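One structure is given below, encoded as structure tokens.
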Amino acid sequence: MSNFDGFYQTSYSIDDQTQAYNYNAGGGQYNNRQYAYDYSQQGGFVPPDPMNQQPYTGQIYQPAQTYTPTSTESVYGSTFDDEPPLLEELGINFDHIWQKTLTVLHPLKVADGSIMNETDLTGPMVFCLAFGATLLLAGKIQFGYVYGISAIGCLGMFCLLNLMSMTGVSFGCVSSVLGYCLLPMIILSSFAVVFCLKGIVGVLLTALIIGWCSFSASKIFISALAMEGQQLLVAYPCALLYGVFALISVF
């Protein structure tokens, strides 16, 4: 050790617990020495302070997780379990459809304005198809007249109700209410398949169905638009519209 100490002038101490290992590639020998080298003079490099470094708390096969990924709930606002059903996203609510149908079938039932003031065209489309199908069973192919008269009637009622009401109404709401109130007219067209409606009984039944449809539609419009005391004014144009459908069913 004295020869090596004479050749390498270092300050090696046995009590020093820090050992630096320098591998000599030429001789393949390890020399346990500690050398002092000033890195600050070469390019301004400053080694990191080991006292300020955070200790490694992970394991070999289970490293510590330093990055916490953002959850999908914070990114998208809700998970897949919290999303509404597909039919509800498309605007198809069977509970509301059933309540509107019962409101039309029971003319004396109080209409819920919050449910009726919705743009729901699922029930009206089904009722229009059913009305055209019953006319087809009676030998009358009138699908074009049914949809054409429905569009003109909805446009006329839309303009009239916006002039009469203070809050206003959308075209989809008018189409929805008039389409749901077409349900009693399907009963009339079903009778026309079996019986002839050109007699006295047919005329009375037709008048009853027209009054039923117009009374139900006016009741819903009054409750949805807060138009108290104007039901007769709303029922009259509705009766004209459903009277045209009755003429198609009878003749």
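Worth a mention:
- Both the radius of gyration and Dmax for the stretch 104-240 are 15.0, 45 Å, in that order, over alpha-carbon atoms.
- Each residue was assigned an accessible area with a 1.4 Å probe, and for Leu121 the value is about 80 Å².
- Here the scattering of the stretch 91-184 is modelled by Debye summation over its C-alpha atoms, one equal scatterer each and no solvent; at q = 0.10, 0.16, 0.22 Å⁻¹ the log10 of I(q)/I(0) is -0.28, -0.70, -1.17.
- Cα-based Kirkwood hydrodynamic radius, the stretch 172-251, one decimal, Å: 12.9 Å
- Percentage of interatomic Cα-Cα distances in the stretch 129-195 larger than 13 Å: 66 percent
- Taking each residue as 0.36 nm, the span from Leu121 to Ile97 lengthens on full extension beyond its C-alpha to C-alpha distance by 7.7 nm.
- Stretchable slack from Ala138 to Ile152, in nm (0.36 nm times residue separation minus alpha-carbon distance): 2.6 nm
- Spin-label proximity, Ala130 to the stretch 163-181 - amide N less than 13 Å from point 7 Å beyond Cα toward beta carbon: 179-181
- Distance (nanometres) between label positions extended 7 Å along Cα→Cβ at Val110 and Met164: 2.2 nm
- Segment Leu247-Lys198, extension gain: residue separation times 0.36 nm, minus the distance between their alpha carbons: 16.6 nm
- Gyration tensor (alpha-carbon) shape descriptor, the stretch 181-225, a/c threshold 1.5: oblate
The values are calculated or read from the model by the stated rules, or taken from the named source; none is laboratory data. All values derive from a computational prediction rather than experimental measurement. With ideal geometry, Cβ positions are generated from the backbone for all residues, glycine too; neighbour counts draw on all protein chains shown. Accessible surface is based on the protein model in full, side chains and every heavy atom, while ligands, DNA and RNA are left aside. Shrake-Rupley method; radii C 1.70, N 1.55, O 1.52, S 1.80 Å.
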